[in-house]
Structure formats: C-alpha cells, structure tokens
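Everything below concerns the one structure shown next.
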Amino acid sequence: MSNALKVTVPDGVPFIETEREFDYPVAEVFRAHKDPELIKQWLGPRGMKMDIDHYDFRSGGSYRYLHTGPDGVQYAFTGVFHTVRENEFAIQTFEFGGYPDVVSIEFMTFEDLGNGRCKLIGHSVYPTLEARDGMAQSGMEGGMSEGYERLDELLAGVRTA
C-alpha cells in the first residue's frame, strides 16, 4: 500500500506516536474501528485468527479479544474505552495479557484530510520508559503496518461491494 505507517518513539518520554493516512473518508475508517465484525477482519498481523469475547466501542465500553497464531499460541488483549466521539476521537486503555499490570493509555484522532481521505493519529502513553521500549521492540510496528494494510484491503472491498 502507498500509505506507510509512521512510528515515532521520542527520547526520554514514555510515549509512542503513530500516523497513518487512508484513502477513505473518516466515517469509513472510524466504522472499521467501531464494528466488531469489521475489526475481526483487519486488526493485527496476517496469519492471526481473531476471536472477540466482547467489543463495545463507546464511552464507558470495554473489549477483550484473542489473537491465535498459526502455531496455536494465543495472545489476549483487554481494555476500556474511556471516551469515544463519533468520527473524531477515542481514548482507550490497552493491556496485553503477556505483560499483565502494564497498561497504556491510547489516544486516537481521526482527521479529515478532504477529498475522501483521512489521517489516523495515535498517541500511546506507557507507565515507564521500559514498558514503552518493550512495546516498541515487540514487533508492534510490523503488526500495525500489516493490520492497516488489511484495513485498506477491507475498505476497498467494502467500497466496491
């Protein structure tokens, strides 16, 4: 895909910044983040099967899902949606079951670029620099890039269907 993920890990602060443009309107990209049936089709790297226990993308909602790799190993993720503003903004917590008690706070801004395009801007805050560095070195960037490529493919199929 032509829209590359940009990941920034600033020195000295426990943040990870992400940006990714999409050749689709904000409403379509937001819906793909909101609808659990769509989430299952794109979130995470290729080759992972996704099972959703629950996914309630609204202010006060929560989520729990599992990714299962081709080797059968499962990875659990949980969190709470603190604020969700339709087609605009979301704040959520994110916890990976493999590292319990390390919870990040993630801010997602859906920015309209005009001409049917948008940008998704992420800001993740970790409890320590070590936790942030662990996430940055975990393969997160590759998994996010693949997931967003899958999202592009899903939206292309939805648009032409």
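Any read-out appearing in this document is the output of simple, stated calculations on the displayed coordinates, not a laboratory observation. What you see is a predicted model, and the numbers here were worked out from it, not measured in a lab. No Cβ is skipped: glycine too gets one built from the backbone with ideal geometry, and neighbour counts run over all protein chains shown.
Can you compute 3J(HN,Hα) from phi for each residue in segment 7-13, using the Karplus curve 6.51 cos²θ - 1.76 cosθ + 1.60 with θ = phi - 60°, rounded to whole Hz and x for Gly and Pro?
10, 10, 10, x, 5, x, 10
Which FRET efficiency, nearest 0.05, do Lys40 and Ser2 yield, Cβ-Cβ r, R0 30 Å?
Result of the calculation: an efficiency of 0.75.
Send over the semi-axes of segment 90-161's equivalent ellipsoid, whole angstrom and largest first, taken as the square roots of 5 times the C-alpha gyration tensor eigenvalues.
28, 15, 10
Once you've got the GNM for the chain with C-alpha springs shorter than 10 Å, pick whichever of Pro25, Pro100, Pro45 has the biggest mean-square fluctuation.
Sorting by GNM fluctuation, first place goes to Pro100.
Given labels modelled 7 Å from the Cα in the Cβ direction, how far is it in nm from Ile52 to Gln74?
Using points 7 Å along Cα→Cβ, the separation is 1.8 nm.
Using alpha-carbon positions, what is the distance between the centroids of segment 108-156 and segment 22-61, in Å?
Between the Cα centres of segment 108-156 and segment 22-61 lies a distance of 12 Å.
Take each uninterrupted DSSP H stretch in the chain, measure its Cα extent along the helix axis, and return the ones at 27 Å or beyond whose mean Kyte-Doolittle hydropathy is at least -1.0.
140-160
When the convex hull of the Cα atoms of the chain is projected onto a plane and the area is averaged over all directions, what value comes out in nm²?
That works out to 9.4 nm².
With 10 angstrom as the radius, rank Glu21, Glu86 by how many other C-beta atoms surround their C-beta, starting from the fewest.
Glu86, Glu21
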